[in-house]
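Worksheet for the structure shown next.
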Amino acid sequence: MRLTCSEKDLLSGKEGPVKALAMSHLVKLGEAFDAEEMVDITYAHMSSGSALRSGEIDYLSGLSDQGARVKVPTSSEVIAVDLRDPAAIGAPPSLVKDYRRLLAVHTRMGIAATYTCVPFTQGYVPPKGACIASMESAAIIYFNAVLGARTNRCGFFVLFAALTGKYPKIGYLLDKNRLGTHLVSVQTNLLNVTDYGALGYHVGRLVGGGVPVFQGLERPRQEELIMLGAGLATSGTVAMYHIPGITPEAPTTAAALGGEAPGERISVNTGDIQAVYQHLCTASHNTVDFIYLGCPQYTLEQIRTAADLLTGKRVHPDTTLWIGTNRMAFAMARRMGYHEIIKKAGGKLVCDTCPVDSFLRLDALKKRGIQQPAVQTMLTDSAKQAHYARTTLGCNTLVDTVHACIQTAVRGK
Ligand code: F3S
């Protein structure tokens with residue numbers, strides 16, 4: 001791989017041992033994938049480092065002790081507790097203490113403590129063509145497909161990219177890998193945002209790591225695109241899709257396919273969407289003890305809808321309702337009175353975390369010697385959340401619209 005003089009300087013340690021270490025990992029990654037060169041990245045979205053995995057916070061802390069600071073604007077992924085009000089959701093104090101330590105480490109390193117899976121709703125909007133480094137599959141696919149920025153599913157390498165401002169030119173940073181591989185004809189009406197998640201989940205299973213080009217989607221809203229991408233990236237490893245006339249790299253179907261015939265044609269009908277719901281609905285009884293809305297984290301508009309539905313209502317005493325969002329949407333929700341409505345109804349507007357990455361995970365509780373909470377059945381409006389909840393929380397799942405979720409929260413069934 002060709003390295004510029006400044007990249008060679010980074011590698012040789014002229015800018016310190018941390019950057020040299022980071023650069024050496026990036027060079028190895030580039031060599032493994034036959035990269036010809038590095039690119040400059042302009043933004044990074046990284047794993048926060050989890051107290052649920054041994055050593056991660058210590059590792060970051062060690063780097064910060066050596067003076068490590070990120071070189072590009074860097075946001076951070078969800079953590080396992082809500083640091084704003086951890087007691088409200090019953091987060092174990094020992095875990096909260098770990099994350100307060102992590103917050104100090106992030107602050108020292110210049111990493112924004114966004115603790116979100118939708119950083120593009122918090123002002124991180126890299127323009128078309130910008131090379132970035134991101135983890136979190138739901139964010140990656142939005143950056144690539146909806147914004148036209150360029151990122152791989154970078155995992156732990158995001159940290160090294162953030163520290164150096166570099167990333168090897170591989171994968172979705174290359175034009176050829178961004179072209180459509182499958183032509184997907186949607187022949188059913190999608191009635192709500194949950195249906196978009198189900199569509200993504202269905203197509204992701206069929207295309208695996210491909211790049212679907214959708215036909216038949218009429219002007220989707222931002223929340224619908226977020227949910228579509230989350231579904232695609234959950235059942236498959238999809239990191240890019242096109243909707244001709246809507247997403248920035250697909251003015252036409254022909255452009256999305258690079259002038260070639262699609263590798264495969266897929267037709268989606270109402271039965272396919274229903275089959276996703278059947279697959280994700282595993283509960284055999286009608287009592288629901290946990291309802292989660294906000295996967296990916298809710299936008300202000302989605303919080304408003306939930307608050308409207310909860311106005312004058314009361315969540316059933318045997319049911320817990322979490323509505324997940326990020327700090328910026330939370331601040332606006334508080335300003336607009338939505339938080340007060342949700343709180344008054346007995347629901348919880350939760351920041352920083354999400355159930356499947358939280359202290360509710362079975363492995364997290366076991367590690368801490370804490371008794372398993374009794375989440376028996378989770379109802380959610382997100383295919384992605386249901387997919388992961390069954391294994392990480394060990395519960396049954398149900399998927400339905402936000403309207404049905406709120407109605408169920410009130411009835412408990
Ligand atoms: Fe976000 Fe958790 Fe869903 S991190 S995308 S709310 S699984």
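Any read-out appearing in this document is the output of simple, stated calculations on the displayed coordinates, not a laboratory observation. Because the structure is predicted, anything quoted here is derived from the model rather than measured. Glycine gets a Cβ as well: all are built from the backbone with ideal geometry, and neighbour counts include every protein chain shown.
A few points about this structure:
- Global form of region 5-173, assessed from the alpha-carbon gyration tensor, a/c cut-off 1.5: oblate
- Per-residue Karplus couplings for region 320-333, computed as 6.51 cos²θ - 1.76 cosθ + 1.60 with θ equal to phi - 60°, are listed in order as 9, 10, 10, 10, x, 8, 10, 4, 6, 5, 4, 4, 5, 5 Hz, Gly and Pro entered as x.
- Unit Cα scatterers, Debye sum, region 281-411: log10 I(q)/I(0) for q = 0.20 Å⁻¹: -1.13
- Gain on full stretching of the segment that runs from R335 to Q66 - 0.36 nm per residue minus C-alpha separation: 92.8 nm
- Here r is the Cβ-Cβ distance between F33 and T4 and R0 is 22 Å; the resulting FRET efficiency, rounded to 0.05, is 0.70.
- Difference of contour (0.36 nm per residue) and Cα-Cα distance, T391 to S94: 104.5 nm
- For K343 and S12, a Förster radius of 41 Å and the Cβ-Cβ distance give a FRET efficiency of 0.15, rounded to the nearest 0.05.
- Spatially proximal lysines relative to K367 (Cα-Cα < 22 Å; intrachain offsets below 8 disregarded): K97
- Listed by chain and number, the aspartates and glutamates whose C-alpha is less than 19 Å from the C-alpha of K413, apart from same-chain residues fewer than 8 away, are D289, D318, D381, D400.
- Available extension along the chain between K366 and S54 is 111.0 nm, counting 0.36 nm per residue and deducting the alpha carbon span.
- Placing one equal scatterer on every Cα of region 312-361 and applying the Debye formula, the log10 ratio I(q)/I(0) at q = 0.22, 0.24 Å⁻¹ is -0.83, -0.92.
- The residue among W322, G210, L29 whose Cα reaches farthest toward the positive pole of the charge dipole of the chain, with charges on the beta-carbon of Lys, Arg, Asp and Glu, is W322.
- Kirkwood Rh, Cα atoms: Rg over Rh of region 251-340: 1.16
- Other residues whose C-beta falls under 13 angstrom from the C-beta of T311 contribute a net charge of +3, scoring Lys and Arg +1 and Asp and Glu -1.
- Efficiency of FRET from Cβ geometry, A283 and Q187, R₀ 22 Å, rounded to 0.05: 0.15
- For V39, residues with placed amide H under 5 Å, excluding near neighbours: Y167, K169
- Whole-Hz Karplus values for region 289-298 come out as 9, 9, 10, 10, 10, x, 10, x, 3, 5 Hz, taken residue by residue from phi with 6.51 cos²θ - 1.76 cosθ + 1.60 and θ = phi - 60°; glycine and proline positions read x.
- Cross-link table K8/K166; K313/K348; K343/K384; K313/K384; K14/K71, entries beyond 18 Å C-alpha to C-alpha: K343/K384; K313/K384
- Rounded to whole Å, sorted largest first: equivalent-ellipsoid semi-axes of the chain, Cα gyration tensor: 34, 29, 17
- Amide N proximity, region 286-308 versus T401 label position 7 Å along Cα-to-Cβ, cut-off under 20 Å: 291-296, 298-308
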